[in-house]
Structure formats: C-alpha cells, structure tokens
Amino acid sequence: MSLVEWIQLPNLGDHRGALVVAEADKNIPFEIKRLYYIFGAQPDLPRGFHAHKELQQVAFCIQGNCKMLMDNGIKKEEVLLNQSNKGLKIPPMVWHEMHDFSQDCILLVLANEHYDEFDYIRNYEDFKMRGTK
Ligand code: T46
C-alpha cells in the first residue's frame, strides 16, 4: 500500500459557494467517532511527532495550508495539504509531523475512535522497534 493516499470529497457547491460532504462508511472509509480541528498553529511550532497503534484518521486542510511528513519506518514522504476537499489518510503505524502552518490554516481531522492516549506512540525509537518486529 502506498504511504500517501488521498480522499477526494465531492464539492456540491454552486454560485452561492462551496459545499463539501464527508459521509462515514461512504467516502470516509470508517465510522466517524471523533472530529477535531487545529487552528492558530504557529509556522515555527511543528506538531504531531507520533504514530497511532490502531487509529485511522483523515486530515483536511479546510483553510490555508500546512505540510505533513509521513513516515512508515521505511519510507518518508512530505506532502502539502492545501485543498479543502482533499483529505490525507493517516493510517495506523505511520509517524506524522505537521509543520509550516499558514497563519489562516484550519486542519480538520476525522477519526474512527474516541481519544485514547494509550493508542499514541510518541517516542520515535519505540515506533521504529514496533514497526520492524
Ligand atoms: C494526530 C494529529 C494529526 C484530547 O484530549 N483529545 C483529542 O481528541 C485530541 C486530538 C487531543 N487531546 C489532547 C491531548 C493533548 O494533551 O490535546 C492535547 C494536544 O494533543 P497533541 O499534542 O496530540 O496534538 P497534535 O497536534 O500533536 O496531534 C493531533 C492529534 O492528537 C493526533 O491524534 O494524529 O493531530
């Protein structure tokens, strides 16, 4: 499976403006149990620096732009999120780091589980060890 996978949501907008739809188990490949969004992030204060053991997520930059480094322990790829209807899949066991947030950036994330700190691997060496077992 490719490290970087995108989900393109339909834009049902018209002359009144854009309208983008995400539907659980349809264009989002899981049941959505949680949504969170990040805004007011600083360009020089990167975030993330973890992988999830089980959690599946899709991230949309619904305003502005930011970059995300994706790392599956073998391969690293940096991607730009800058389209409100183009979501980046963040699968389990992918180390990710968000950086270079534009001032107006709003990053919206859909997740298939409730928040659980035990699902986080926040130490890169632990991540590498688990990934190569
Ligand atoms: C991810 C990337 C893309 C909660 O209590 N509930 C929540 O649902 C979330 C997401 C966070 N928190 C708490 C945990 C920390 O005390 O909020 C605080 C900030 O979270 P964190 O430092 O993990 O934020 P980021 O931006 O580094 O990572 C977040 C998500 O946590 C993470 O799952 O994949 O965005």
How long is the gain from Q63 to V4 if the chain were fully straight, where each residue apart is worth 0.36 nm and the alpha carbon distance is subtracted? 19.2 nm
Local net charge near K76, Cβ-Cβ under 14 Å (Lys/Arg +1, Asp/Glu -1): -1
What FRET efficiency comes out for the pair N27/D126, r = Cβ-Cβ distance, R0 = 22 Å, nearest 0.05? 0.10
Where a label projected 7 Å from the Cα of D104 along Cα→Cβ would reach, residues of the range 35-72 with amide N under 14 Å: 40, 62-66
Most fluctuating of K67, K76, K26 in the GNM of the chain (C-alpha, under 10 Å) is K26
So how far apart, in nm, are the two label points at Q42 and K86 if each is 7 Å from Cα heading toward Cβ? 2.9 nm
Run the reach check for K75 against lysines, Cα to Cα strictly under 17 Å, same-chain hits fewer than 8 apart removed. What comes back? K67, K89, K128, K133
Rounded, prolate or oblate for the chain? Axes are the square roots of the Cα gyration tensor eigenvalues, ordered a ≥ b ≥ c, and the cut-off for rounded is a/c under 1.5. prolate
Amide H neighbours of K33 at under 5 Å, excluding residues fewer than 5 places away on the same chain, with H built from the backbone geometry, are A111, N112, E113
Within the set G87, G40, G13, GNM on the chain using Cα springs under 10 Å gives the largest fluctuation to G13
What's the center-to-center distance, using Cα atoms, between the range 84-133 and the range 1-37 in Å? 17 Å
Of I7, I90, how do they rank once you tally other Cβ atoms within 10 Å and put the fewest first? I7, I90
If you take every residue apart from F118 with its C-beta less than 14 Å away from the C-beta of F118, what net charge results, scoring Lys and Arg +1 and Asp and Glu -1? -3
Selected from V94, V79, V21 as most flexible by GNM, with the chain as the system and alpha-carbon contacts under 10 Å: V21
Order of S84, S102 under a 10 Å beta carbon neighbour criterion, fewest first: S102, S84
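No value in this document is a laboratory result; all are computed from the given coordinates. Treat the numbers as computed from the prediction; the structure is a model and nothing was measured. Note that each Cβ is placed from the backbone with ideal geometry, even for glycine, and that neighbours are counted across all protein chains shown.
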